[in-house]
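The values are calculated or read from the model by the stated rules, or taken from the named source; none is laboratory data. These numbers come from a predicted model, not from an experiment. Counting neighbours? That spans all protein chains shown, and the Cβs are built from the backbone with ideal geometry, glycine included. Protein only, heavy atoms only, side chains kept; ligands, DNA and RNA dropped before computing areas. Shrake-Rupley method; radii C 1.70, N 1.55, O 1.52, S 1.80 Å.
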Amino acid sequence: MVVVISEFGRTFRENGNGGTDHGHGSVYWVLGGAINGGRIAGEQARIERSSLFQDRDYPVLNDYRAVLGGLFRSMWGLSNTQLERVFPGAEAVDLKIL
């Protein structure tokens, strides 16, 4: 399994300079032979004015620590105590990727 994470984000609305850079955002690509893929996994939100962060950014909905913690639990059977040592304060989420 290979996981690629990008935290580069664009704003939904133009910023003060007329651009869309320096926004919130992230995407995770999980690749490998045993992956339950071909779909979008994780929390999603309808893009509306009320769901934008500071009225301009896409909201960050999926914490990378929770996503990776869920993968680590599925792959290696890590306990909550072990995951807490790797990602303090994060709660692992099982997205049924494996």
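Some notes on this structure:
- Relative contact order %, region 19-79, counting alpha carbon pairs below 8 Å whose residues are six or more apart: 34
- Accessible area per residue, Å², region 3-98 with all protein chains present, probe 1.4 Å: 70
- Whole-percent carbon and sulfur share, accessible surface of the chain, 1.4 Å: 50
- Helix 64-76 vs. the chain, principal-axis angle (Cα, 0 to 90°, nearest 10): 20
- Option label - Rg and Dmax of the Cα atoms in Å computed here, alternatives [x] 30.3, 91; [y] 15.7, 48; [z] 14.9, 54: [y]
- Counting only Cβ charges, +1 for Lys and Arg and -1 for Asp and Glu, the dipole size of the chain around its Cα centre is about 220 debye.
- In the chain, helices alone account for a calculated mean residue ellipticity at 222 nm of -6000 deg cm²/dmol, with every DSSP H run of four or more residues adding -39,500 (n - 2.57).
- By average C-beta atoms within 10 angstrom, highest first, the peptides 65-76, 39-50, 87-98: 65-76, 87-98, 39-50
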